[in-house]
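Scroll down for the structure; my scribbles are underneath it.
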């Protein structure tokens, strides 16, 4: 029954919108790896139970999406340095000895999509990171390591933004970067890159910050993708900014997770191009 040893999934709530199964299926096809990857909807109070059930059913690993990224490290036997810094994980691997190893590939995926796929330099950039939850925590370290000069974290609750600044202050100091915390309403100035790491797009809510954070040519990046991100993208374009959704981040973080699980690096650029071509052909 070898199929059980090659079972992977994405866990979240909601999860029906996820393109991860198609992406990992294509990675497997292109690399010759044999695996099955599925979606698993988990009750909001049932993440730990869902993980343990999946492992007991022969699962080899899972991706974790909203709202469980900060819960994931609590279940792990071993956490990468990225997870320890962020306090959040999006990738779990179940080892034969029963241990659970976790990593966070979100930041790696975001940086790769911005710098390699979008061609926008982060070295020396001023960045506004909107949100202070698990998604924001997962990308702050890699954004600093990519050379961002100044990062403001804006959140509805100031204390959460301040906590994220505090946990990353030593890294920022080491890299010669500056971190600041703000409420959403109090953000001032404009930025080279604005990243929406909240679930506002998924919920269909209005853009949570003022248009003054953008200037012509700024990169406005929503971690969501597809129809959920359209409102943010339209808002950004109306301000003369360059809009980009999180499809590339999704593919790039998935490639990192695939390599973490399988020890094989899939051709992420090819899969992203294929996905973009498919979406361009779909009626809007």
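The values are calculated or read from the model by the stated rules, or taken from the named source; none is laboratory data. Owing to the predicted nature of the structure, the values given are computational and were not obtained by experimental measurement. So basically every Cβ, Gly included, is an ideal-geometry build from the backbone, and we count neighbours across all protein chains shown.
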Taking the range 89-115 on its own, how many of its residues are in contact with a strand residue (DSSP E or B) (Cβ under 9 Å, 6 or more places away or on another chain) and closer than 18 Å to residue 51 by Cα?
13
Could you say whether any residue in the range 188-198 is assigned to a loop (DSSP other than H, G, I, E, B) and over 25 Å from residue 112 (Cα atoms)?
yes
Extreme residue, surrounded by the most Cβ atoms within 10 Å (Cβ to Cβ), among residues of the range 5-21 that are within 16 Å of residue 33 (Cβ to Cβ) and without any contact (Cβ under 8 Å) to a residue 60 or more places away in the chain:
9
I'm trying to understand the selection: among the residues of the range 103-133, which are buried (at least 23 other Cβ atoms within 10 Å of the Cβ), under 12 Å from the mean Cα position of the chain (by Cα) and within 19 Å of residue 209 (Cα to Cα)?
none
Residue match in the range 27-44 (condition: assigned by TED's automatic domain parsing to the domain that holds residue 98, within 22 Å of the chain's Cα centre (by Cα), part of a loop (DSSP other than H, G, I, E, B) and loosely packed, with under 14 Cβ neighbours inside 10 Å):
yes
Restricting to the range 78-88, and then to whatever is part of a loop (DSSP other than H, G, I, E, B) and either at pLDDT below 95 or not assigned by TED's automatic domain parsing to the domain that holds residue 54 (or both), can you tell me which residue is surrounded by the most Cβ atoms within 10 Å (Cβ to Cβ)?
88
For the range 208-217: of the residues being touching a helix residue (DSSP H, G or I) at 6+ places or on another chain (Cβ under 9 Å) and surrounded by fewer than 22 Cβ atoms within 10 Å (Cβ to Cβ), which is modelled with the lowest pLDDT?
208
Collect the residues in the range 199-234 that are outside any loop (DSSP other than H, G, I, E, B), over 19 Å from the mean Cα position of the chain (by Cα) and touching a residue at least 40 places away in the same chain (Cβ under 8 Å), keeping them in residue-number order.
213
Just to check your reading of the model, which residue among 271, 242 is more than 16 Å from residue 130 (Cα to Cα), in contact with a strand residue (DSSP E or B) (Cβ under 6 Å, 6 or more places away or on another chain) and surrounded by 13 or more Cβ atoms within 10 Å (Cβ to Cβ)?
242
Counting only residues that are surrounded by 15 or more Cβ atoms within 10 Å (Cβ to Cβ) and more than 20 Å from the chain's Cα centre (by Cα), the range 181-197 contains a total of 6
Could you check, for the range 120-127, whether at least one of its residues is in a helix (DSSP H, G or I) and either at negative phi or not assigned by TED's automatic domain parsing to the domain that holds residue 185 (or both)?
no
Of all residues making up the range 165-180, the number that are touching a helix residue (DSSP H, G or I) at 6+ places or on another chain (Cβ under 6 Å) and either farther than 19 Å from residue 121 by Cβ or crowded, with 23+ Cβ neighbours inside 10 Å (or both):
3
